[in-house]
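Read-outs: derived from the displayed coordinates by stated rules, not from any lab. Everything numeric in this text was worked out from a predicted model, so none of it was measured. A quick note on method: Cβ atoms are made from the backbone with ideal geometry, for glycine too, and the neighbour counts reach across all protein chains shown.
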Amino acid sequence: MRKLVLAISMLAIAGSAAFADPIKDRQALMKERGKLAGQLSKVVKGEEAFDAAAVLTALQALQANGEKWDTEKFFPAGSDKGDTTAAPKIWEDTAGFNAAEDKFLADVKAAVAAPPADVDALKAQLNTIGGDCGTCHQNYRIKKG
């Protein structure tokens, strides 16, 4: 009986991996990241009031998002084909790609560790984090139309 349960468990795990779609998974992660950055941007632009607790919560969510990053999982060989804007440079310069993601996560962690006390401090942090996003998009993303 144990062997049967173990065999069924192994098949279930293998089956779920077979249905994983790295393109959709990475797009979902990036959409979440963009939404969180957008929330913070609204505060910087004055479209929403500065609320230190809400800002910290958004920064913490951005950190959690960054900690989910796994280049091997989200960008395996062959996932450059299909509905994706991932540039070939990702696979040609994986070390640089990972370094860009590491910098993003380090900057987000720094913002969480020293939460902004006001809009100006948030603006400075968001400029750094947004710069990380922009650098990665310039180098590792194909612009649509």
| said: Cut-off 10 angstrom, C-alpha nodes, Gaussian network model of the chain. Which of Pro76, Pro115, Pro22 fluctuates the most? | reply: Pro76
| Span-like helix ranges in the chain, DSSP H, alpha carbon extent 15 angstrom or more, Kyte mean at least 0.5 | 2-18, 52-67
| message | Under the 0.36 nm per residue contour assumption, what length would be gained going from the current alpha-carbon distance of Asp25 and Asp93 to full extension? | response | 22.4 nm
| remark: Flagged as over-length at 30 Å C-alpha distance, from Lys42/Lys81; Lys24/Lys89; Lys45/Lys89; Lys35/Lys73; Lys73/Lys144; Lys45/Lys81, the pairs are Lys42/Lys81; Lys45/Lys89; Lys45/Lys81
| What residues have an amide H closer than 5 Å to that of Ala86, excluding those fewer than 5 places away on the same chain, when H is modeled at 1.01 Å from N in the peptide plane? | Ile142
| FRET E, pair Lys45, His137, Förster distance 22 Å, beta-carbon r, rounded to 0.05 | 0.65
| Percent RCO, i.e. relative contact order, over region 21-140, from Cα pairs under 8 Å lying at least 6 residues apart | 35 percent
| query | Can you give the helix-only mean residue ellipticity at 222 nm for the chain, where every DSSP H stretch with n ≥ 4 adds -39500 (n - 2.57) and the sum goes over all residues, rounded to the nearest 500 deg cm²/dmol? | reply | -24000 deg cm²/dmol
| Taking the mean number of other Cβ atoms within 10 Å as a proxy for protection, how do you rank 44-50, 59-65, 25-31 from highest to lowest? | 59-65, 25-31, 44-50
